[in-house]
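The values are calculated or read from the model by the stated rules, or taken from the named source; none is laboratory data. None of these values were measured; they are calculated from a predicted model. Because the Cβ atoms are built from the backbone with ideal geometry, glycine has one as well, and the counts that use them run over all protein chains shown. Ligands, DNA and RNA are stripped out before the accessible areas are found, and what is left, the full protein with its side chains, is counted by its heavy atoms. Shrake-Rupley method; radii C 1.70, N 1.55, O 1.52, S 1.80 Å.
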Amino acid sequence: MTVPSPRPPTQAEIDKEIAELDGSRPGLAHPPRGYPPYRSSILRHPEQALVVVQDPEAVELTGPVFGVTDVSELDNDLTRRHHGEPLGERITVTGRVLDRAGRPVRGQLVEIWQANASGRYAHARDAHPAPLDPNFTGAGRCLTDGEGRYSFTTIKPGPYPWRNHVNAWRPAHIHFSLFGHAFTQRLVTQMYFPGDPLFDRDPILQSVTDQAARDRLVAAYDHDLSVPEWSLGYRWDIVLDGPAATWIEEGR
């Protein structure tokens, strides 16, 4: 006998669940790792206690090492990684990586990955029936400079369906990873674009119940960063820790 699959919740049911959770957790910037409205987080987050490392120095020695020569001049321009031009709206995304005191974090490895302009990732598990772009893989990296500044030229990603609930669509976003000075300092987060109509319908973004923390995930359009006849500019700073820290996509 075939067991029917459970019915995906509707948008109204997801909204109700988020509202009930938010009411019990006012001002919480970092949601619990298992956040029910984000359905797959229940299966993906750690359930066991963290393993205590007996020799922290040994962990540091086996952490990632990224020399300046490992990152090429083209790694931060996702539009020039192939022979042809990718399709979509070309953008420049730049900002500074700061510590809790507002000081620049220099020599930081910043990596990004994203969907293409049609909302599809160049990944074998992405079955979204949108076209792949042979001239766009959606991955790039760079090192922060002496002022903690990073910069990427890329294509604005499109929204995409993700089957979390009925008619669920993710807002356009870019994933960011920063490795810090040791393996245990890695931060993974997401950057969104201003004015996206899908913000209120996205359980991942809505899981950040503190409005100020949520606002820090949205880049600002900056016309001074736009390159004439080339790209539109967005500014987005990343704060690694402290009260103004950028939200960490922890365990998900």
- Item | Computed label-point distance, nm, for sites Ala244 and His30 using a 7 Å Cα→Cβ extension | 1.9
- Item | Correct choice for Cα extents along the principal axes in Å that was computed from the model, options (i) 48, 44, 33; (ii) 57, 49, 39; (iii) 53, 45, 32 | (ii)
- Note on the structure: Distance in nm between Asp75 and Asp126 label points, each 7 Å along Cα→Cβ, equals 2.1
- So what is the relative contact order for the chain, in percent, with contacts set as C-alpha pairs under 8 Å and at least six apart? 25
- For the chain, with all protein chains present and a 1.4 Å probe, just round the carbon and sulfur fraction of the accessible area to a whole percent. 56
- Would you mind telling me which residue in Tyr150, Tyr221, Tyr121 has the biggest mean-square fluctuation in a Gaussian network model of the chain, where springs connect alpha carbons within a distance under 10 angstrom? Tyr221
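Based on the Cβ-Cβ distance of Glu20 and Gln48, what FRET efficiency does E = 1/(1 + (r/R0)^6) give at R0 = 35 Å, to the nearest 0.05? Write down the numbers at each step before the final one.
Numbers: r = 28 Å, r/R0 = 0.79.
Here the calculated transfer efficiency is 0.80.
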- Query: Considering only Ala124, Gly146, His175, whose Cα is most displaced toward the positive end of the charge dipole of region 118-252, charges sitting on Cβ of Lys, Arg (+1) and Asp, Glu (-1)?
  - Reply: Ala124
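Of all the stretches in the chain, which is the longest one without any exposed loop site, taking GluC sites (Glu not before Pro) in a DSSP loop (any state but H, G, I, E, B) with at most 12 other Cβ atoms within 10 Å?
Values: sites that count: Glu47, Glu73, Glu89, Glu147, Glu229.
So the longest stretch without any such site is 148-228.
At 1.4 Å probe size, with every protein chain present, just tell me what the per residue accessible area of the chain comes to in Å². All intermediate terms of the calculation are to be shown ahead of the outcome.
Details: 14160 Å² over 252 residues.
About 56 Å² of surface per residue is accessible.
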